[in-house]
Amino acid sequence: MSSPRLRAQRDYLRLLGARVTGGAAAQMLMVALGWQMYDLTASAWDLGLVGLAQFLPALLLTLPAGHFVDRHDRRLLLAGALGLQCAVAAVLAVSSAAGWGSAHMILLLSVLLGVARAFQMPSQQALMPTLVPQLLLPRAVAAASSSMQAAVIAGPALGGALYALGPGVSACIGAPGSANTHWGAAVVYAVALLLLVAGIAGVLTIRHRPEPVTRPAPDLAQLTAGIRFIRQRPVLLGAISLDLFAVLLGGATALLPIFAKDILHAGPQGLGLLRSAPALGAVLVGLMLARMPIERRAGHWLLGAVSVFGLCMIGFAFTTAFWLAFVVLAVSGAADMFSVVIRQSLVQLETPDEMRGRVGAVNSVFIGASNQLGEFESGVTAALLGPVGSVLLGGIGTLVVVGLWWKLFPTLAQRDRLQP
């Protein structure tokens, strides 16, 4: 009997399409939110607050969201999370076009984005392993990660271009309020809304229905089961926490509007390209890993990749040429993709299906902490040390974390194969 092929898994491909369109929309939202916030306030602190506003609801909802995902239809939960993002994009589009958008509104709607992602990430993480044979799971993770990175390439680049072209387009069509400098943001939000609707349609076409399972009503033990599961497995705890602290310290995403506007003088188009750069490197590595998955020395690959990521952040801090900044960020994305594929494969392969929602929720809050809370950390340190000092300190901190994790989690460092 021939082995199953990934491209024959139709429900998986439907989920993949929904993740790509939804992911591209989310990236476009982040480009427009970041540039609009910095345009309104010229404050690194306020840029950091956007990340914090998304992280706090995700943190508060982590445990109930994970239990909810394990008890209900993951397709409908994922569609609902995308639907909430649709509502946010619609409000942002209307408010920006009308000229009554404000920093406070951006922060309030960022909270709703955090609520949506608290359910979105564990839903899609728990859904994917049920749509492919376990033999194909590492390749499915790599293909999904590289496809998402393709969305991260296209989304910011398209968002930046639309933001820059928005006022001209509105003037050409005679739209009211065409003199409003945030018309570009309105165009980006409107296109993101259309992509989110397409993502919802893709999710709802998935035919797989999990077998109904009777689970006990939620109590403290049930809600914290995902935390206990990860704590009892040093390999999972080490891999997830490594990503948390490395990106928390080393991420520079929140500061890219400052670099694009004040240091590299590249405008919103340049911001979109800078946000796309890590994904360009990541998608190339993801495609490679989908064809040639890591089979040996997984722990060494993981820690080495995070080390390269930290070195890239140090290099980016000193970069004043746009093309060099783009290349450094692309290399950082390639390194990050190695760690993402290894970490996600470990989580999926070692977690039973009845625990996927709760473990996925804990994993998602770690990812959210590394991204959104990392943006807040970057904003705070940039307010104190400047953007260059913030990124430099983060890169050095990432290298320190790798050294500590090598000692604290020897089973992770010595992990050979991804399969348990």
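Observations on the model:
- Residue within the range 32-43 that is over 25 Å from Ala90 (Cα atoms) and in contact (Cβ under 8 Å) with a residue 60 or more places away in the chain present: yes
- For the range 108-140, the set of residues classified as surrounded by 23 or more Cβ atoms within 10 Å (Cβ to Cβ) and of a type outside the set (A, V, I, L, M) consists of Ser110, Arg117, Phe119, Gln120, Pro122, Ser123, Gln124, Gln125, Pro138, listed by residue number.
- Some residue of the range 19-40 being under 19 Å from Gln344 (Cβ atoms), among the β-branched types (Val, Ile, Thr) and surrounded by fewer than 24 Cβ atoms within 10 Å (Cβ to Cβ): yes
- Taking the conditions (1) touching a residue at least 40 places away in the same chain (Cβ under 8 Å); (2) within 23 Å of Leu195 (Cβ to Cβ); (3) surrounded by fewer than 24 Cβ atoms within 10 Å (Cβ to Cβ); (4) among the aliphatic types (A, V, I, L, M) in turn, Met105 satisfies each one other than (1).
- Residue satisfying condition, being of a type in the set (Asp, Glu), modelled with pLDDT under 85 and within 26 Å of Gln269 (Cα to Cα), within set Asp336, Asp416: Asp336
- Considered as a group, the residues in the range 94-115 that are modelled with pLDDT of 85 or more and more than 18 Å from the chain's Cα centre (by Cα) include one that is nearest to Val187 (Cα to Cα), and that residue is Val94.
- Exclusive hit being at pLDDT 70 or above, assigned to a helix (DSSP H, G or I), surrounded by fewer than 21 Cβ atoms within 10 Å (Cβ to Cβ) and not hydrophobic (A, V, I, L, M, F, W, C), set Arg228, Arg207: Arg228
- All of Leu60, Leu76 fail the test of being more than 18 Å from the chain's Cα centre (by Cα), at pLDDT 80 or above and surrounded by fewer than 20 Cβ atoms within 10 Å (Cβ to Cβ), apart from Leu76.
- Restricting Ala97, Ala151, Ala143, Ala157 to those that are farther than 28 Å from Gly267 by Cβ and buried (at least 22 other Cβ atoms within 10 Å of the Cβ) reduces the list to Ala143.
- Taken as a whole, the range 49-57 holds at least one residue that is of a type in the set (S, T, N, Q), touching a Lys or Arg at 6+ places or on another chain (Cβ under 9 Å) and more than 26 Å from Gln9 (Cβ to Cβ).
- The one condition in (1) assigned to a helix (DSSP H, G or I); (2) without any contact (Cβ under 8 Å) to a residue 60 or more places away in the chain; (3) surrounded by fewer than 21 Cβ atoms within 10 Å (Cβ to Cβ) that His265 fails to fulfil: (1)
Yes/no per residue for (1) at pLDDT 70 or above; (2) hydrophobic (A, V, I, L, M, F, W, C); (3) within 30 Å of Tyr38 (Cα to Cα):
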site: Phe318; (1), (2), (3): yes, yes, yes
site: Pro352; (1), (2), (3): yes, no, no
site: Phe366; (1), (2), (3): no, yes, yes
site: Gly374; (1), (2), (3): no, no, yes
site: Gly397; (1), (2), (3): yes, no, yes
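The values are calculated or read from the model by the stated rules, or taken from the named source; none is laboratory data. Everything numeric here is computed off the predicted structure, so don't read it as measured data. Cβ atoms come from the backbone with ideal geometry, glycine included; neighbour counts cover every protein chain shown.
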